[in-house]
Amino acid sequence: MSANPIIIVTGANGGVGYGICQRLLFQLASPTPSDALPQEKLVAIWGSEAEKDFPLSNVQGLTLIMACRSALRAEKARSELYATIDAHVERQKKLPGYNGHAEKFRANLVIAIHSLDLASIPSIFRFGAEIAQKYPYVSHLICNAGVASFTHIQWIKAIKQICKEPVNAVTAPNYYGQRQGEISADGLGYVWQCNVFGHYCLFRSLQPLLAASKSVLGARVIWTSSLESDPTFYASEDWQLIKTAHAYESSKYQIDIIATHLDRLALDGAQDAGVAVRHVVAQPGVVHTDISSALTGTFLVVFKLLSFYLARLLCSPNHPIHVFKAAIAAVHMSLISLSFLPPFTAPAAPPPVRFGAETDYWGEERVGTTPIKEWDQHVQEGIELLGHCDNLYKNLLADQA
């Protein structure tokens, strides 16, 4: 019998990470989670190859690992999650035809906190060793945490973009000033380490546990990209993103190409080994979080939130706004049967994509896709970047030993 999933979420104590945790709990408390079913928009694109049998029929519990830097914030978030799921279970019990699944799931739910600072290589290795010592396998690694070194708003550029393309100005803004030359305590590009390489090291540290997964869901790594991902600002020689003035957008594009290459390698290896840890790129759309809070006072925060709703009213599909809605992409790609996920390595396979959180005019969430920009032009750069990451990881691992 398959075991229950063990899911790690980085940056789980706030923002989209907290929304992912909450949505996972609500979904798995149902015997038929809606996020595990093929999305109508994706079926229309590829057709459904999903298994006929519902893939979650044996999931009776969950170990949710909150990988967080702040223990205090994590404890607060965990208490809120337990209170939220308890209230949700009580609501489920009152529904007609309730079969007891929610209570059984709650009885087998463990929410654990483990310290992780992606800006510290020793912290990442300690986390990997701690998880390996305590858990027999990991079924999911959801790489959600990240940073953006925004410093100011470039008002002239902001006004120009708002006038020329008002919806895109609150979807993928080009007017945030960012720090250049930031170096981490490990001597690496700070934004690059926090957003890209830290998660790569985390995956490599947990790779044996992912390969050992016994969950009915199958093992997978969910990488969090962004609508602001853009190859325009990425120079392959500056792969640690130290010189660029657009480290955030470039780091998200690196995630797109690294995760896609890792998935290809996993599928190619599975032809011989029979086991594949799939890699999926998800993006949460536009969400109201505090990632740009350093730039905005109270008035601008309210204005920003209103502009998000206005963009949705203007038929933008990219504004989920709330973290629970924005979590649908990562949660759907965590729960959907792997048989439905297209093999992007096949000769006739569709171009690689990111799976994104969307909403309709009324705010009903769904999952859509956006192509990875200029994939064909950057395939070789992606291979080289993965090589840089692998060599650096091995050197750092040797130093730690």
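The table below gives the values:
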quantity: Sole exception among (1) part of a loop (DSSP other than H, G, I, E, B); (2) at pLDDT below 95 for VAL43, by number; calculated: (1)
quantity: Cross-chain or 6+ apart pairs with Cβ under 6 Å, region 144-159 first and in contact (Cβ under 8 Å) with a residue 12 or more places away in the chain, then of a type in the set (Lys, Arg); calculated: SER149/ARG179; THR151/ARG179
quantity: Qualifying positions in region 89-106 - exposed (fewer than 11 other Cβ atoms within 10 Å of the Cβ) and under 23 Å from ILE8 (Cβ atoms); calculated: none
quantity: Residue, surrounded by the fewest Cβ atoms within 10 Å (Cβ to Cβ), within region 275-294, restricted to residues that are modelled with pLDDT under 85 and more than 22 Å from GLY19 (Cβ to Cβ); calculated: VAL275
quantity: Matching option when the condition is farther than 23 Å from TRP223 by Cβ, touching a residue at least 12 places away in the same chain (Cβ under 8 Å) and not small (Gly, Ala, Ser), among HIS140, HIS88; calculated: HIS88
quantity: Restricting region 176-230 to residues that are in a helix (DSSP H, G or I) and among the aliphatic types (A, V, I, L, M), the residue that is nearest to ILE372 (Cα to Cα); calculated: VAL196
quantity: Options GLU130, GLU90, GLU75: the member that is farther than 24 Å from ALA282 by Cβ, more than 25 Å from the chain's Cα centre (by Cα) and not β-branched (Val, Ile, Thr); calculated: GLU90
quantity: Among the candidates GLY368, GLY297, GLY356, residue that is small (Gly, Ala, Ser), within 29 Å of SER215 (Cα to Cα) and at pLDDT below 95; calculated: GLY368
quantity: Checking GLY97 against (1) part of a strand (DSSP E or B); (2) at positive phi, the condition it does not meet; calculated: (1)
quantity: Number of positions in region 302-329 that are closer than 28 Å to ALA77 by Cβ and part of a loop (DSSP other than H, G, I, E, B); calculated: 5
quantity: Residue count, region 107-129 (criterion: crowded, with 19+ Cβ neighbours inside 10 Å and closer than 20 Å to THR32 by Cα); calculated: 1
quantity: All positions within region 229-238 that are surrounded by fewer than 21 Cβ atoms within 10 Å (Cβ to Cβ) and touching a residue at least 40 places away in the same chain (Cβ under 8 Å); calculated: ASP230, PRO231, SER236
quantity: Residue satisfying all of: in region 94-130; charged (D, E, K, R) and touching a residue at least 24 places away in the same chain (Cβ under 8 Å); nearest to ARG73 (Cα to Cα) among these; calculated: ASP117
quantity: Which listed residue is farther than 23 Å from TRP155 by Cβ and in contact with a helix residue (DSSP H, G or I) (Cβ under 6 Å, 6 or more places away or on another chain), from ASP186, ASP230; calculated: ASP186
quantity: Test: ALA357 is among the small types (Gly, Ala, Ser) and either touching a helix residue (DSSP H, G or I) at 6+ places or on another chain (Cβ under 9 Å) or crowded, with 21+ Cβ neighbours inside 10 Å (or both); calculated: yes
quantity: Failed item, numbered, when ASP256 is tested on (1) surrounded by fewer than 24 Cβ atoms within 10 Å (Cβ to Cβ); (2) under 23 Å from SER205 (Cα atoms); (3) touching a residue at least 40 places away in the same chain (Cβ under 8 Å); calculated: (1)
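The values are calculated or read from the model by the stated rules, or taken from the named source; none is laboratory data. Since the model is a prediction, treat every value here as computed from it, not as a measurement. All Cβ positions, glycine included, derive from the backbone under ideal geometry; neighbour counts span all protein chains shown.
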